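Here the structure comes first, spelled out in structure tokens, and everything after it is commentary.
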Amino acid sequence: MCETFRKIQRDYYAALSMDPAATSRIEVVLTYAGFHALLFYRFAHWLSRKRVPFVPRALSQFARFITGIEIHPGAMIGSGLFIRPVH
């Protein structure tokens, strides 16, 4: 789980550094749907690797409902990903 937290931290810094509109750290944490989708994905992926049935897929569908972004729990995503919001 420690590696998962490192990946989340790299995702966070990627959003903060790659988006010139990011004005504060708290803004990224509270308002960036791409960052939220990655948080859900990291947790669902971790559960999927632990072979927990049903919950990872349900979590990815809930994240899609909340953020509009679907990332399958079985997807292999490196750290430092930034999903740019499209307006």
Approximate spin-label separation ILE77-SER17, in nm, with each point projected 7 Å along Cα-to-Cβ: 1.9 nm
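Work out, step by step, the length gained on full extension between LEU30 and PHE54: first 0.36 nm times the residue separation, then minus their alpha carbon distance; give nm to one decimal. Walk me through the intermediate numbers first.
On the way: separation 24, 0.36 × 24 = 8.64 nm, distance 2.74 nm.
Taking 0.36 nm per residue and subtracting the Cα distance, the gain is 5.9 nm.
Determine the dipole magnitude for the chain: charges of +1 sit on the beta-carbon of Lys and Arg, -1 on that of Asp and Glu, nothing else is charged, the reference point is the Cα centre, and the result goes in debye to the nearest 20. Before the final figure, lay out each step's value.
Values: 11 positive and 5 negative charges, 76 e Å.
Dipole magnitude for the chain comes out near 360 debye.
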Starting at the first residue of region 19-25, write each ³J(HN,Hα) from the Karplus equation 6.51 cos²θ - 1.76 cosθ + 1.60 with θ = phi - 60°, in whole Hz, x for Gly and Pro. 9, x, 7, 6, 9, 8, 5
Please report, in Å, the Rg and the Dmax of the chain, where both are computed over Cα atoms only. 12.7, 40
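A short reminder: the numbers here are calculations on the coordinates, not readings from a lab. Because the structure is a prediction, the values reported are computed rather than measured. Virtual Cβ from ideal backbone geometry, glycine too; neighbours counted across all protein chains shown.
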